[in-house]
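The values are calculated or read from the model by the stated rules, or taken from the named source; none is laboratory data. Predicted model only: the values in this text are computed from it and were never measured. Backbone-built Cβ (ideal geometry, glycine too); neighbour counts: all protein chains shown. Areas reflect the complete protein model, heavy atoms only, side chains present, ligands, DNA and RNA absent. Shrake-Rupley method; radii C 1.70, N 1.55, O 1.52, S 1.80 Å.
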Amino acid sequence: MVTKRMAGIALVGLGLLIVVATIAVDLAGVGKWRGFGPSQRAAVAVGLAVLLAGAAMIPLGDRPA
Amino acid sequence: MTAYAPHRRPANPDLLLRWLQRSLLVLAIAALLFLFLVYLLYTAALLRFPFDYDQGEGFELWDAVLFSRGMWIYRDNASYPFYASNYPPLFPLLLAPWVRLFGPRLWIGRLWSFGTTLVIGGTLFWIIYRETRDRVAALLPTLAFFASNYVYHIGPLFRLHTTMVMFGLLGVATMARVEDPHRGRRYLWLSLLFLLLAGYTKQLAFDAVLAAFLFLFLRRPRQAILYGIGFALVVGAIFLGLNVATDGQWFLNTIRANANPFQPGQALGIYRQWFGLHRVIILLALAYTLYTFYLDRITVYSLYFLIAVGKGALSGKWGAGPAYFTTAIVAACIGAGLGLGILRRWLRRQAEATDGRRRSLAQTGLVLWGLLVPLLFLYQARLNLHLPLTHPLTRPVARLLRIPEQAPNRFRQDYYDTVGYTQLGHLPTAEDIRAGWHIVDWVTNTPGPAWSEEAMFEIWAGKEVVTNPTQLYNLYNAGLLQTDEMIAMINRRAFGVVIFRAQFYPPPVLEAIGQNYDVVEHVPMNGFLYAILRPKPNP
């Protein structure tokens, strides 16, 4: 059974992945445009929201997700 | 003798409140039912309209015609008739028998799609009522689904989108029952079948698949992994089978041709519009989702809502649009209904508590629920308002609401929509139908095949459909289309007539047509201007 803590950790991981991947897009030079565009800002905001949502679940412990 | 002063009976505040609650509820239901009536009028008008209302309809009908003739719809676009489909096969396969029975008519698919929206609405009501036993909490979001501008626009079209949403929703709804002690396994298999059908109706069904398997993983991780592998193997086997049977055309036309450029501004614009039009059900669904994440157990519906909202980002692809949010609207309606039903059930339990203060607060909460919920859905109906301005049944409402008869940002002046500019939603007129037959006359009375940007003119003229324009355009932009043969035919002036609407063809093809054909007439139809071109006289 998956617990709230496990689900929270998974969401934190997913949020981090979204944020890092969005920033890495520029570092790797992928895409047509240079600079941090509006869609990247939106993606980072989504990533941070997922990360925070996951972090808030971790203290719920072993309750079933 | 005693004289009594005349007096009025004091009003019972409970009775007054109940009357007010009932009145607001009746008003909210009436407003949403009015929008459902508009949906019925629109459907009836489209069932009578024999031409493409949306540019893709005739091509989806042609796919069903090809299947009914035992032919593949995934073909080489470089060879005459330069036609292939970019969608999975289930929708045209389901309609092929009906097309064989009644002939190639658009009403078949339009009636089918309308039916799928009724199934979606019925399933929505069933899901919410089953979980909450609250008729009001089930009815208002169900009617809000039909009131949505996006659902209204595409609901009765010969397009496969609502069929995909229906199968996806049924897959999710049956997966929700997987823990049923007696029939859990049967529900699981049924869910997998629906999800498979959804995926082979349209590629976008991945949101329902992902939500269902994530939910299964949360509840039964081992079963999710085992069944997930099995499901992937079945999907993969069908995929490979189709690809082998069509000599690779399946992969080229449904996967590679759909990898269109992404326009972030378009996606953000549609997100904003979607939120603006559906903010009541979205915020209620969000509250329900947070409740399931932090106070109760995560449900398949909260996952479905989150994933469907995320999928909306794909609306930024070239050729995509607001219809990509239909699943998110369905999921928001479910979340809103479940949230409201759960809240009222909790308030009712608290109202029976022994603690006097808690009981009093709960009773106040119940009164507020009865007042605010109808008001919220009345507001939701206002956000979604759309209606024809000249129809005798809707004109009085338009006047009552003081909707201006003329506005600069309308596609057609006889139709109002809170979306603003939209090419869908208005009722086609008898004049539009006459104009369509006039174009069919061009196709019928010119020798040889026709080159038409819409399929219905060729289908009515009894000729083969030549080209699927956006498919050619997408393949060309991806460097996957050889245009030699079609340009050679254009240079030979092999096509008796060319019909353009939006000119979504590869630039070299347009250039060749410009060199070999002259515009002889412009025909206005359904808000668009169709250009009729004939071969230039030989020098």
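Here's a check for you: in region B:180-212, which residue that is free of Cβ contacts under 8 Å to residues at least 24 places away in the same chain and open to solvent by less than 30 Å² (accessible area, probe 1.4 Å) is farthest from B:Y324 (Cα to Cα)?
Quick first cut of region B:180-212, residues free of Cβ contacts under 8 Å to residues at least 24 places away in the same chain only: B:180-187, B:189-191, B:193.
Then keep just the ones that are open to solvent by less than 30 Å² (accessible area, probe 1.4 Å); that gives B:184, B:191.
Numbers: B:G184: 31, B:S191: 22 Å.
Result: B:G184.
For region B:288-307, how many residues are open to solvent by 20 Å² or more (accessible area, probe 1.4 Å) and either away from chain A (no Cβ under 14 Å) or among the acidic types (D, E) (or both)?
1
Do you know which residues across region B:255-265 are within 11 Å of chain A (Cβ to nearest Cβ), out of contact with any strand residue (DSSP E or B) (no Cβ under 8 Å at 6 or more places or on another chain) and surrounded by 15 or more Cβ atoms within 10 Å (Cβ to Cβ)? Talk me through it step by step, then tell me what you get.
Restricting attention to region B:255-265, the residues satisfying the condition of being within 11 Å of chain A (Cβ to nearest Cβ) are B:261-265.
Adding the requirement that they be out of contact with any strand residue (DSSP E or B) (no Cβ under 8 Å at 6 or more places or on another chain) leaves B:264-265.
Scanning region B:255-265 gives a single hit, B:P264.
Tally the residues that are open to solvent by 60 Å² or more (accessible area, probe 1.4 Å), in contact with a helix residue (DSSP H, G or I) (Cβ under 7 Å, 6 or more places away or on another chain) and closer than 20 Å to B:R48 by Cα, restricting the search to region B:110-131.
Count: 2.
Would a scan of region B:195-210 turn up a residue that is within 14 Å of chain A (Cβ to nearest Cβ) and either within 19 Å of B:A308 (Cβ to Cβ) or not in a helix (DSSP H, G or I) (or both)? Outline the logic, then answer.
Filtering region B:195-210 for residues within 14 Å of chain A (Cβ to nearest Cβ) gives B:210.
Keeping just the survivors that are either within 19 Å of B:A308 (Cβ to Cβ) or not in a helix (DSSP H, G or I) (or both) gives B:210.
Within region B:195-210, one or more residues are within 14 Å of chain A (Cβ to nearest Cβ) and either within 19 Å of B:A308 (Cβ to Cβ) or not in a helix (DSSP H, G or I) (or both).
Could you pull out every one of the helices (runs of 4 or more DSSP H) wholly within region B:413-529 that has 2 or more residues that are of a type in the set (G, A, S)?
Values: elements: B:430-444, B:455-460, B:469-477, B:484-491, B:507-516.
Helices (runs of 4 or more DSSP H) meeting the threshold: B:430-444, B:507-516.
Could you identify the single residue in A:A53, A:A43 that is modelled with pLDDT of 95 or more, surrounded by 14 or more Cβ atoms within 10 Å (Cβ to Cβ), within 12 Å of chain B (Cβ to nearest Cβ) and assigned to a helix (DSSP H, G or I)?
Details: A:A43 fails: modelled with pLDDT of 95 or more.
Matching residue, one of A:A53, A:A43: A:A53.
Among B:I307, B:I281, B:I298, B:I270, which is the only one that is in a loop (DSSP other than H, G, I, E, B) and in contact with a helix residue (DSSP H, G or I) (Cβ under 8 Å, 6 or more places away or on another chain)? Working first, answer last.
Numbers: B:I307 fails: in a loop (DSSP other than H, G, I, E, B); B:I281 fails: in a loop (DSSP other than H, G, I, E, B); B:I270 fails: in a loop (DSSP other than H, G, I, E, B).
Selected residue: B:I298, the only one of B:I307, B:I281, B:I298, B:I270 that is in a loop (DSSP other than H, G, I, E, B) and in contact with a helix residue (DSSP H, G or I) (Cβ under 8 Å, 6 or more places away or on another chain).
Considering only residues that are without any contact (Cβ under 8 Å) to a residue 60 or more places away in the chain and buried (at least 16 other Cβ atoms within 10 Å of the Cβ), which ones fall in region B:269-282?
Hits for region B:269-282 are B:I270, B:Y271, B:I282.
Pick from B:A353, B:A362, B:A313: which is within 20 Å of the chain's Cα centre (by Cα) and either assigned by TED's automatic domain parsing to the domain that holds B:Y152 or open to solvent by less than 80 Å² (accessible area, probe 1.4 Å) (or both)? Walk me through it before giving the result.
On the way: B:A353 fails: within 20 Å of the chain's Cα centre (by Cα); B:A362 fails: within 20 Å of the chain's Cα centre (by Cα).
Going through B:A353, B:A362, B:A313 in turn, the sole match is B:A313.
Take the residues in region B:485-516 that are in contact with a strand residue (DSSP E or B) (Cβ under 6 Å, 6 or more places away or on another chain) and among the aromatic types (F, W, Y); name whichever of them is surrounded by the fewest Cβ atoms within 10 Å (Cβ to Cβ).
Ranking the candidates gives B:F500 first.
Between a residue in region B:488-501 that is at negative phi and any residue that is open to solvent by 10 Å² or more (accessible area, probe 1.4 Å) and among the charged types (D, E, K, R), which pairs come within a Cβ distance under 8 Å, given they are 6 or more apart or on different chains?
Close Cβ pairs satisfying both conditions: B:G496/B:R534; B:V497/B:R534; B:V498/B:R534.
Any residue at all in region B:418-428 that is over 23 Å from B:L46 (Cβ atoms) and open to solvent by 60 Å² or more (accessible area, probe 1.4 Å)?
No.
Which members of region B:286-344 meet the condition of being without any contact (Cβ under 8 Å) to a residue 12 or more places away in the chain and either of a type in the set (F, W, Y) or touching a Phe, Trp or Tyr at 6+ places or on another chain (Cβ under 6 Å) (or both)?
Across region B:286-344, the qualifying residues are B:F293, B:Y294.
So which residues in region B:372-400 are without any contact (Cβ under 8 Å) to a residue 40 or more places away in the chain, outside the structural domain of B:A147 (by TED's automatic domain parsing) and either hydroxyl-bearing (S, T, Y) or open to solvent by 80 Å² or more (accessible area, probe 1.4 Å) (or both), if there are any at all?
Residues of region B:372-400 that are without any contact (Cβ under 8 Å) to a residue 40 or more places away in the chain, as a first pass: B:372, B:389-390, B:392, B:395-396, B:398-400.
Now drop any that are not outside the structural domain of B:A147 (by TED's automatic domain parsing), which leaves B:389-390, B:392, B:395-396, B:398-400.
Across region B:372-400, the qualifying residues are B:T390, B:P392, B:R395, B:R399, B:L400.
Of (1) at pLDDT below 95; (2) in a helix (DSSP H, G or I); (3) touching a Leu at 6+ places or on another chain (Cβ under 7 Å), B:A320 satisfies all except one. Which?
For B:A320, the exception is condition (2).
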